[in-house]
1. Can you give the angle from 0 to 90° between the axis of helix 2-37 and the longest principal axis of the chain, with both taken from C-alpha atoms, to the nearest 10?
2. Given a Förster distance of 35 Å, report the FRET efficiency between Val94 and Lys12 from their Cβ-Cβ distance, rounded to the nearest 0.05.
3. Any lysines with Cα under 29 Å of the Lys16 Cα? List them, leaving off those in the same chain fewer than 8 positions away.
4. Working only with C-alpha atoms, what are the Rg and Dmax values of the chain, expressed in angstrom?
5. Tell me, what is the FRET efficiency for Ala150 and Phe43 to the nearest 0.05, using R0 = 25 angstrom and their Cβ-Cβ distance as r?
6. Of the heavy-atom accessible surface of the chain (probe 1.4 angstrom), what whole percent is carbon and sulfur?
7. Just the accessible area per residue of region 17-68, please: how many Å² with a 1.4 Å probe?
Amino acid sequence: MKTNTMEKQTEKIVEKLNILLADFQMYYQNLRGFHWNVKGKHFFELHEKYEQLYLEAAQRIDDVAERILTLGGRPLHSFESYMNTADIKAMKDVSEGEATVKGVVSNLNNLLTLENEILELASKSGDTGTEDLMTGLIEAQEKTVWMFKAWLG
């Protein structure tokens, strides 16, 4: 009976991790769009920052997918799946500096909400690997949100 309960908990974690994977893919693509299209007096600093963030996001995407595999799940792996699963939506034609920063903050807040849910699920089920992954993501993203909010004034 206990094994069945643990399997269900793991399945729920994998399900949430796949949503996180899809959200990270959308966040990544939004960052690429902001990097390519940002305009205005903050172009140079934001262009560089968005490149840093999308490179970090690419690594985090890989980390989440590998965690799903470690738990015996199958990571989503098509754009169609990402678009149908993600809570984060594509941000098209956003190029003004402040609007792009607000978009990043919004995307990160969505990621943080889900990561905290996954952290709680992992903690309740004794999944320390997923707990560690979520803790690292949360810590880094909270700092990025703080910095962008400071930038916004």
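The values are calculated or read from the model by the stated rules, or taken from the named source; none is laboratory data. Worth saying up front: this structure is predicted, and the values here are computed from it rather than measured. Every residue, glycine as well, gets a Cβ built from its backbone with ideal geometry; the counts of neighbours run over all protein chains shown. Calculation scope for accessible area: heavy atoms of the full protein, side chains included, ligands and nucleic acids excluded. Shrake-Rupley method; radii C 1.70, N 1.55, O 1.52, S 1.80 Å.
1. 10
2. On the way: r = 34 Å, r/R0 = 0.96.
Once rounded, the FRET efficiency stands at 0.55.
3. Lys2, Lys8, Lys49, Lys89, Lys92, Lys102, Lys124, Lys143, Lys149
4. In order Rg, Dmax, the Cα atoms of the chain give 16.3, 61 Å.
5. Numbers: r = 19 Å, r/R0 = 0.77.
The calculated FRET efficiency here is 0.85.
6. On the way: 4530 of 8730 Å².
After summing per-atom areas, the C and S share lands at 52 percent.
7. Details: 2420 Å² over 52 residues.
Counting only protein heavy atoms, the per-residue value for region 17-68 is 47 Å².
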